[in-house]
Amino acid sequence: MAWDRNTTLGCVLGFTAGYVDTVGFVALFGLFTAHVTGNFVLIGAELAQPGHGVLMKLLAFPAFVLAVAMTRLLTLSLSQRGKPLLRPVLLLQAVFLTGFMVVGLLALPVTDTAAPLALLAGVLGATGMGVQNAGSRLVLSQLAPTTVMTGNVTQLVIDLVDILRGTADAATRARAGKFFWPILAFGLGAIGGAFGYVYGAFWALLLPIALLLLQVINPSVEA
């Protein structure tokens, strides 16, 4: 598979999702910022066996939903005016992740997930990743999903089996490449996010923010 703009975007967004999700999980007592599935599971576990952090996980869901709705309205408005879509969506995500970083730094040390600044940090993180989820559907539908890897891994394994059997056509091989790179980037992002938070606390979020902004200023990103 040739390396092109879509491959780069898939890797940047996959890395960002894995990185930010892991920072949120480590810093905020198990909060998943990039997807709601994990938070549903954790909410159920918290309600059955109370520990800590259920309020933050409950707030993350409406924050995520509002972010998706906000991104949809933004893209509709831009489309009606004939404006490019991708840069504004990436910039909006970077703004919310910057808020996540700043509020997280103000919340340190995070010892109580019900503290107002900790709750706000979690909400901002979920909002930023809600924007990415919506953007993947609305603007970058040609890419493999970049936030939840379960379906990606399933499809990749199916395609790899067909490739190894020698029955794969060109489309299957191309799809395997499309799904492989975001999976790899997500995994590297998860590892990077864990180490980044251990050594840099919420300053670690500067890396995914910078990656998003580099795409915003990339002259070929809307090509």
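Some observations on this one:
- Additional length obtainable on full extension of the chain from Leu108 to Asp4, 0.36 nm per residue less Cα span: 33.4 nm
- Chain lengthening between Leu214 and Leu188 when straightened (0.36 nm per residue, less Cα-Cα): 7.5 nm
- A Cβ-based charge dipole, computed about the Cα centre of the chain with Lys and Arg at +1 and Asp and Glu at -1, lands at about 500 debye.
- Area of Trp181 that stays accessible when all protein chains are in place (1.4 Å probe, Å², to 10): 80
- Per residue, the accessible area of the chain comes to 48 Å², computed with a 1.4 Å probe over protein heavy atoms only.
- Whole-percent carbon and sulfur share, accessible surface of segment 142-223, 1.4 Å: 73
- Total formal charge among the other residues, if their Cβ is under 12 angstrom from that of Thr146, Lys/Arg +1 and Asp/Glu -1: +1
- Karplus (6.51, -1.76, 1.60) ³J(HN,Hα), θ = phi - 60°, over segment 69-86, in Hz, Gly and Pro reported as x: 4, 4, 5, 4, 5, 4, 5, 5, 4, 5, 5, 5, 9, x, 9, x, 9, 5
- Charge context of Phe29, other residues only, Cβ under 11 angstrom, K/R +1, D/E -1: -1
- The simple Förster model, with R0 at 35 Å and r as the Cβ-Cβ distance, assigns Gln49 and Gln142 a FRET efficiency of 0.25.
- Think of the chain as a dipole: +1 on every Lys or Arg Cβ, -1 on every Asp or Glu Cβ, centred on the Cα centre; then among Leu55, Thr22, Ile183, Ile183 lies furthest on the positive end.
- Helix 116-138 vs. the chain, principal-axis angle (Cα, 0 to 90°, nearest 10): 20
The values are calculated or read from the model by the stated rules, or taken from the named source; none is laboratory data. Because the structure is a prediction, the values reported are computed rather than measured. Don't worry about glycine lacking a Cβ; one is built from the backbone with ideal geometry, like all the others, and counts go over all protein chains shown. Surface accessibility is based on the protein's heavy atoms, side chains included, excluding ligands, DNA and RNA. Shrake-Rupley method; radii C 1.70, N 1.55, O 1.52, S 1.80 Å.
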